[in-house]
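Have a look at the structure below before the remarks.
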Amino acid sequence: MVDFKKLYTIFVEEAMERIADLENGLLELEQSPQDKELLNTIFRAAHTIKGSSGTIGLTDIARFTHTMEEVLDAMRHDTLVADKEVISLFLEATDLIKEMVECVASESVFDISRCSALMTRMEALREGGAGSSAILPDVPGDAAAPAGCPAQERSYLIKFIPGPDLFRRGIDPSILIDELRGLGIVAHIKAYTDAVPPLSELDPEDLYVRWDIHFKSSAAEADIRKVFEFVEEGSDIRITPLTAREAEFPFLGQMLVREGAVKPEDVENALKSQKKLGEILVEKGKITPTDLERVVEQQNHKKTESLKSSISSTIRVDLRKLDHLINIVGEMVIIHSMFQQALQDIPAAGNGAPGGNGDPGQAGSLVPALQELEVLFSQLHRVGREIQESTMSLRMLPVGEVFHRFTRLVRELSVSKNKQIELAISGEETELDKGVLEKITDPLVHLIRNAIDHGIETPEERAAAGKTPKGSIHLSAFQMGDAVFIEVADDGKGLSREKILKKAHAMGLVTDPAAAREMTDEQICSMIFLPGFSTADKVSDVSGRGVGMDVVKRNIEELNGRVLIHTKPGEGTTISVKLPLTLAIIDGLIVQIGGEPFVIPISLVVESLRPGRDDVKTLTERGEVVAVRGDYLPLIRLDRLLGITSRQERPWEAIVIITAYEGKRYGLLVDELAGQQQIVLKNLGTATPRIKDIAGGTILGNGRVALVLDVPGIIEISREISRELSRR
Amino acid sequence: MTAPATGSQTEGGRQYVTFFLNDEAYAIDALAVQEIIELGAITKVPHLPDFFKGVINLRGTIIPVIDLKRKFAMSSDEYKRHTCVVVTEVETRIMGLIVDAVSDVLHIAEESVSDTPSFGARVDTAFMKGMAKVDTALVIILDINKILSETDTMALAELQGGGGVEHCSPGADEERRALQA
C-alpha cells in the first residue's frame, strides 16, 4: 500500500515552499507589474502546487490552484493587469491554499465551501479582464459567455462509458486519455467502479469501469470526438461543453445538481445571496462595522503569527555542501584502510628482521611504523574536524528564507495602520543555524511590528517633521566573527528618553530623579525590555500591551544572544540582535567552584582577573563590589548563588570573571580557571526541572557531566536579591 | 470467542522489575524500565531538593537521577555494594532511580495486587499503586508516572519562584530553600 502519510508530508513541505514563492512573487509583482519573468515564476509556483496536489489525490487544492493558474495565465497574455486589487485577491487565495495545505498537514478537514467565493471572484477576473467592475468582491462572475478571446479554452465533461469488450478489442483506455492530453488539459478524471461485479462473477477480460473526464481544450468538439473514433462502436461517449462556472465548481452545489437534489438555478441563487459572515452580522445590527474591521484586523494578525510554524522540521541542503561532506567521508575511509595497513605492518616490521627474537634491530624497525601511524593519526584528526565542520554547516540556512516572509507582514500592517512603509532587506544570504533561525522568527515579528506601530510615524507626522512621507524599515543580517547580527532599523521617531523615564517612574523602577539623569541611554533603552513595560501612548492591537519586548529579550537570551538598541530622537531606532552561529557547539571557559567544574560561554566573558586584597569592598555588609581599573562592579559569589561550599572564601585568592549584561559589567567569583574548550551544549534531560541559573550541561573528556551556567539568569537572580534587600 | 472474565493465566497481570530499598521490596512496571546501570559519577544540580541527586551521562545523553530512599525519607540512605540505577522511560522522559540491588523480573497477576491500605498521616502512599504478595514477601508497586509528574510540578515552582528571596547572602539558605521546593 502506498504510504500516504509520507506522501502528504513531502507534499506539505514542497507546497509550503511554493506558497512562499507565490507570496513573495506576488508582493514583488505589485512593485513591477510588467515583469513577465516574475509572472512566470508565480505561474510555475501555482502550477507545481496544482500538479503535486493532483497527483496525490488532493483534488480540492488542485482545483483551486487551477483557477488561480487560469487567471495568472490571463495576466501572462496581457488580458488582465496585476493591479493592487488583483494582487490582494491573489494573496487572499494564497492564504487559503496555505490553510488547505495546513489542514493536510494536521490531517484535519478543510471546509471546501470557503473557496467558492474566492474562486468566483477569480473567475470573474479572468472573464471580465482588467479594470472591469467584476473584480468587486462577492459579485459572482457572469457564468455564460467567454466573449472576449476567440481561441478561448473551453471545458468539457466527457462521459466515457466503454463497452465491456474494449480490452478484447486490444484497446487500452489509458491511451485514449493520453491522446486527450495532447489536445488540452485533463483536469480531473473520476472512475466509476460501481458496475464491477463480485470477484466470483468477474470476468477478467471484461471492462466494467466508466469514466467522467473533465477536459479543457481550445480544440473543437469534433476533434475531441475523433480521439474516441475507434471505440465509438459499442461504447457510449457523451461530450458536453461546460460553462466556466460548471467547470470549476464541482463542489457541493454541483454535486447536488448532479444527484438531482436541486436545480442549477437554486445553487446559483444561493451563491449570489451568500455573504460574508461579518457583513451579515453588521446587517443584522449585531456588530458595528468598526468592530468588524477591528476583528478582521486581528484575524490578519493571527495569520502573521503563524509565520513561525511554517518553517518545516526538515531541511534543504545545498548539494555542494553534501558533496563536500561525502568527499571528506571518502577521505576518512581511505585513511581508515591506511591505518589498517600500517597496523598490519607493525608485526611484520618487528618479526621480519632475520634472527627473530632478541634481535636488537627489532625495536629500531618499529620506529618508522610508529612514525607512519602518527602521520596517519594527524591526518585522521584533520579529516575528523573537517567532517564536524561540514556536518554543522548542513544545519545552516540562509536568513532570507525568513526575511522574505516579512514583506507580507509589513505590507498588511502598514495598510491597516495607514502608514506608508517600505521594507528593505539585505544580507539575506547570511547563514544561521536552523534551530536559531526558527526561534528568531517570533522575536523578529515583534520587532518589526513595534517598528511599524511605534517607530514609523504617519505620513502627515513625517511630512511635518520634514521627512519623506514613506517610512522605511531596513532588515539586515551580517556575520562578524563567530556571531551573526540581525538588525531591524527604522527611520521613525526614535525612542523618547523622557517617555521611558516617566513610565519607569510610574512603575516604581526609578525613584531617584538624580539617578535617572545619570543613566546612560543604553540603560534607559534596556528598560523597555522589562516585563509590563510599554511606552505606547495608547494601547493598540498591534503592540503596546507591554508583552512582546520582554518576550523578545527572553527568546534571544535563550539562544545565547543579545539585544542592543540604538536610537536617535527624530531619526529612528535600530535594534540589533546578536546571535551565535550555532547553538550546538559553543566555546566554553571551564571554571572550578567548590571542586566542581562549571562552564561559562566564552562569548559572555570580557576578561578574568585575580583582584587585589584592597579591590574588594562590602557595602552595608551585604553587597560586594570589586574595583577594576577604577570602576566598581557588583561582585556575584557564584558559590553562594549556587549553594556550593567554595574552596576559596577570600576573593583575592580566587578569580573574578568579568561579564557584561545590558550595558553593565559584573564580576563573577569562581575558585579557579580550569581551561577552555569547545563544548557541545545539551539539555539536562526532559525530566529535569528547569533552573534559572543553569543553561544546560555538557559532557567533559572524562565522561562526567559539567553544568553550563546561564549568565544572564545569574545576573537577574542577583539583581532580584539586591532589590529585595534594598526593600527591607 | 467470548472468554470468561476471570481465570486467564498470563493476560491478567504484568511484568514487574523488583528491587530493594534497604530491606523492603518494591516493583515498577517492566515496560517503563529502559535499562539498569552501575552507579557512576553524579553531577549535582543546584537548587533542587536533596533526593534529586543530580545528572549523569548516559552514553552521551544527560539524564536526571533521583534517590528513592531519600525521596521516601527512609532511615538509612547510604549506598550499598549493589546500589545501581534503574533507568526508566515514560513518554520520552528518561529518569534514573537509585536503588539497592535489583532482584528480579516478576510476573504479578492482577488479582494478587491489592490497594495500598491507608496508613494515616505517617506514610505517604501517593507514589504507591498497590501491594502484592509474591510467595511470602510483600512487594510495593510504585507508580512511576507520579514520581515523574512530581518533578514537573517542582519544575514549575522553580520557574515561578526562580531566584526568590531566599537566595540572599548566607549560602546555607540554599539548602533550606531547596528542601522547601
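The values are calculated or read from the model by the stated rules, or taken from the named source; none is laboratory data. Owing to the predicted nature of the structure, the values given are computational and were not obtained by experimental measurement. We place every Cβ from the backbone using ideal geometry, glycine too, and count neighbours over all the protein chains shown. For the accessible areas, the whole protein counts, side chains as well, though only heavy atoms, and no ligand, DNA or RNA atoms are used. Shrake-Rupley method; radii C 1.70, N 1.55, O 1.52, S 1.80 Å.
Amide H contacts of A:Ile658 (H built 1.01 Å from N, in plane; Pro and chain starts excluded): A:Val606, A:Glu607, A:Ser608, A:Leu609, A:Leu668 sit under 5 Å, all sequence-distant by 5 or more or on other chains.
For the range A:569-681, just say rounded, prolate or oblate: build the C-alpha gyration tensor, square-root its eigenvalues into a ≥ b ≥ c, call rounded for a/c under 1.5, and beyond that prolate if a/b exceeds b/c, oblate if not. Here the range A:569-681 falls in the oblate category. Estimated from the Cβ-Cβ distance and a Förster radius of 45 angstrom, the FRET efficiency linking A:Ser576 and A:Lys36 is about 0.70.
Counting Cβ atoms of other protein chains within 10 Å of each Cβ in B:46-56 and taking the mean gives 5.
Only beta bridges with both residues in the range A:637-712 are counted; by DSSP, about 95 percent of them are antiparallel.
Taking Lys and Arg as +1 and Asp and Glu as -1, the other residues whose beta-carbon sits under 14 Å from that of A:Gly588 total -2. Counts of other chain beta carbons within 10 angstrom of each beta carbon in peptide A:696-703 average 3.
What is the magnitude of the charge dipole of the range A:688-728 about its Cα centre, with +1 placed on the Cβ of each Lys and Arg, -1 on the Cβ of each Asp and Glu, and no other charges, expressed in debye to the nearest 20? Write down the numbers at each step before the final one.
Values: 7 positive and 5 negative charges, 26 e Å.
With only Lys, Arg, Asp and Glu charged at Cβ, the dipole is about 120 debye.
For peptide A:708-719, how many partner chain Cβ atoms fall within 10 Å of a residue's Cβ, on average?
Working: counts 0, 0, 0, 0, 0, 2, 1, 0, 2, 5, 3, 1.
Per residue, the average neighbour count from other chains is 1.
All other residues whose Cβ lies under 12 angstrom from that of A:Val329 are scored, Lys and Arg at +1 and Asp and Glu at -1, for a net of -3. Of the listed residues A:Asp512, B:Asp100, A:Asp614, the order by accessible area with a 1.4 Å probe, largest first, is A:Asp614, A:Asp512, B:Asp100.
Could you report the range B:13-109's accessible area per residue, 1.4 Å probe, as an integer in Å²?
Numbers: 4140 Å² over 97 residues.
Per-residue value: 43 Å².
Computed from backbone phi with θ = phi - 60° and the Karplus coefficients 6.51, -1.76 and 1.60, the 3J(HN,Hα) list for the range A:507-514 is 8, x, 7, 10, 10, 9, x, 5 Hz; x is used for glycine and proline.
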